[in-house]
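As structure tokens, the structure follows; a few thoughts come after it.
The values are calculated or read from the model by the stated rules, or taken from the named source; none is laboratory data. Given the structure is predicted, the values throughout are model-derived calculations rather than measurements. So basically every Cβ, Gly included, is an ideal-geometry build from the backbone, and we count neighbours across all protein chains shown. The area values use the complete protein model at the heavy-atom level, side chains included, leaving out ligands, DNA and RNA. Shrake-Rupley method; radii C 1.70, N 1.55, O 1.52, S 1.80 Å.
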Amino acid sequence: MIVILKKNPDKNQLESLKTWLRDKGLDIHESVGMSQTILGLIGDTTGIDINLLNALDIVEDVKRVQEPYKKCNRKFHPEDTVITVGNTQVGGGNLTLIAGPCAVESEEQICTVAKLVKQSGATMLRGGAFKPRTSPYSFQGLREEGIRLLEIAKEETGLPIVTEIMDASQLPCFKNVDVIQVGARNMQNFELLKALGKTDKPILLKRGLANTYQEFLMSAEYIMAGGNEKVILCERGVRTYETYTRNTLDIALVPSMKILSHLPVIIDPSHAAGRYALVPSISCAAVAAGADGLIIEVHNDPEHALSDGPQSLKPQVFDRLAKKLYAIHEVMKNTEDVL
Ligand code: PEP
Ligand code: MN
């Protein structure tokens, strides 16, 4: 249930309303926007009399929220969430470009790529240290050492770092990580999501291989329910019957999430495509669709990459792509919405 307040509500009346609601066992999620203040009520609201609430001086309107996701629901928080990472912002009309290799392989590799993607306009550096690989015989990542190398690349370039966590026990290693990624395979690892809900780090949550929008938002809700509201949603393609592409990019997720949620939405074209040649085109489509950013795999020597070489862009290709993406973003910003 949401309670929409009138402009400039009387402070005492508001406080007594909140106390009354809390006494009913409800949690209150307050969203103070430019034009409206909304009290989002979490818990069992069946015993609340809507007419009684509606009759209060400070109340403009009361609505029931049918969806099981509350804190990430646009109805609870009508304005877009903007998440600050270092000196950049995700959401709020900014284009976030996260670029870097699938996996951190060496200091030279990560620092070379970091410098090049920064020059091209990337706003954050990605690189996997703990790698979820389908085969136990594949490169599993440099783990703690990988994070240490990312920290060096961050120091050399100033780029905030994004890297994946696979288990809550790894959290101590993530002290200097700017954005913690939850991979597609862990989207419904609820214990991990709960642990991340207790941190204050922005979380890049990837959609699972075969999960619905509602399941995706419920996973975001797990993190937010724990108190961490800094969640970035990421679509990375879902499993379909097609085999030419690694996954099928669901571009409709972008406008759908903008309706359903207030959280920033980014696209991972690399894992969606599985082939570098497709990455530029679907990246452009993502920006045109209104995505807040992209996370793109870039490798200085894709032929010899230890993971995901076939889908990684060479730095010079990323450079050309970044220019194009910023240009499309400008057009999208400076032309009127169609609806
Ligand atoms: C990755 O980003 O390297 C990765 C493993 O992604 P996903 O979880 O989307 O497969
Ligand atoms: Mn990868």
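With respect to SER312, determine if the residue is over 21 Å from GLU229 (Cα atoms), touching a Cys at 6+ places or on another chain (Cβ under 6 Å), of a type outside the set (Asp, Glu) and open to solvent by less than 10 Å² (accessible area, probe 1.4 Å).
no
Determine whether the range 201-213 contains at least one residue that is of a type outside the set (Val, Ile, Thr), assigned to a helix (DSSP H, G or I) and surrounded by 18 or more Cβ atoms within 10 Å (Cβ to Cβ).
Yes, some residue in the range 201-213 is of a type outside the set (Val, Ile, Thr), assigned to a helix (DSSP H, G or I) and surrounded by 18 or more Cβ atoms within 10 Å (Cβ to Cβ).
Mind listing whichever residues of the range 302-330 are touching a Leu at 6+ places or on another chain (Cβ under 6 Å) and within 14 Å of ligand 1 (Cβ to nearest atom)?
The answer is none; no residue qualifies.
Among the strands (runs of 3 or more DSSP E) lying completely within the range 65-153, list those that include at least 3 residues that are within 16 Å of ligand 1 (Cβ to nearest atom).
96-100, 124-126
Counting only residues that are open to solvent by 50 Å² or more (accessible area, probe 1.4 Å) and under 16 Å from the mean Cα position of the chain (by Cα), how many does the range 93-113 have?
Result for the range 93-113: 1.
Report, by residue number, each residue of the range 178-190 that is open to solvent by 30 Å² or more (accessible area, probe 1.4 Å) and either not in a loop (DSSP other than H, G, I, E, B) or not assigned by TED's automatic domain parsing to the domain that holds VAL238 (or both).
ARG185, PHE190
Quick check on this structure: which one of LEU142, LEU171, LEU125, LEU150 is touching a helix residue (DSSP H, G or I) at 6+ places or on another chain (Cβ under 6 Å) and either in the same structural domain as LEU205 (by TED's automatic domain parsing) or among the polar types (S, T, N, Q) (or both)?
On inspection, the qualifying residue turns out to be LEU125.
Do you know which residues across the range 130-150 are farther than 21 Å from ARG185 by Cα and surrounded by 15 or more Cβ atoms within 10 Å (Cβ to Cβ)?
If the condition is that a residue be farther than 21 Å from ARG185 by Cα and surrounded by 15 or more Cβ atoms within 10 Å (Cβ to Cβ), then ARG148, LEU149, LEU150 are the ones that fit.
Hey, any hits in the range 161-177 for a residue that's within 14 Å of ligand 2 (Cβ to nearest atom), open to solvent by less than 70 Å² (accessible area, probe 1.4 Å) and in a loop (DSSP other than H, G, I, E, B)?
yes
How many residues are free of Cβ contacts under 8 Å to residues at least 24 places away in the same chain and either buried (at least 21 other Cβ atoms within 10 Å of the Cβ) or farther than 14 Å from LEU5 by Cα (or both) if we restrict to the range 53-83?
1
Quickly run through the range 32-52 and pick out the residues that are under 13 Å from HIS77 (Cα atoms) and open to solvent by 50 Å² or more (accessible area, probe 1.4 Å).
So the first thing to find is which residues in the range 32-52 are under 13 Å from HIS77 (Cα atoms), and the list is 32-41.
Listed by number, the residues that qualify are VAL32, MET34, SER35, GLN36.
Give the range 229-243 a look and list any residue that's surrounded by fewer than 21 Cβ atoms within 10 Å (Cβ to Cβ) and in contact with a Gly (Cβ under 9 Å, 6 or more places away or on another chain), or say none.
VAL238, the sole residue that qualifies.
Quick one: how many residues across the range 256-291 are surrounded by 24 or more Cβ atoms within 10 Å (Cβ to Cβ), in contact with a helix residue (DSSP H, G or I) (Cβ under 8 Å, 6 or more places away or on another chain) and among the charged types (D, E, K, R)?
Residues that pass the stated criteria total 0.
Please indicate, with yes or no, whether at least one residue in the range 320-335 is open to solvent by less than 20 Å² (accessible area, probe 1.4 Å), outside any helix (DSSP H, G or I) and in contact with a helix residue (DSSP H, G or I) (Cβ under 6 Å, 6 or more places away or on another chain).
Looking for residues that are open to solvent by less than 20 Å² (accessible area, probe 1.4 Å), outside any helix (DSSP H, G or I) and in contact with a helix residue (DSSP H, G or I) (Cβ under 6 Å, 6 or more places away or on another chain), one finds none in the range 320-335, hence no.
What pairs can you find where one residue is in the range 179-202 and within 23 Å of GLN89 (Cα to Cα) and of a type in the set (A, V, I, L, M), the other is part of a loop (DSSP other than H, G, I, E, B) and more than 12 Å from ligand 1 (Cβ to nearest atom), and their Cβ atoms are less than 6 Å apart, with a gap of 6+ or different chains?
Sorted first by the residue in the range 179-202, then by its partner, the pairs are VAL179/PRO202; ILE180/LYS201.
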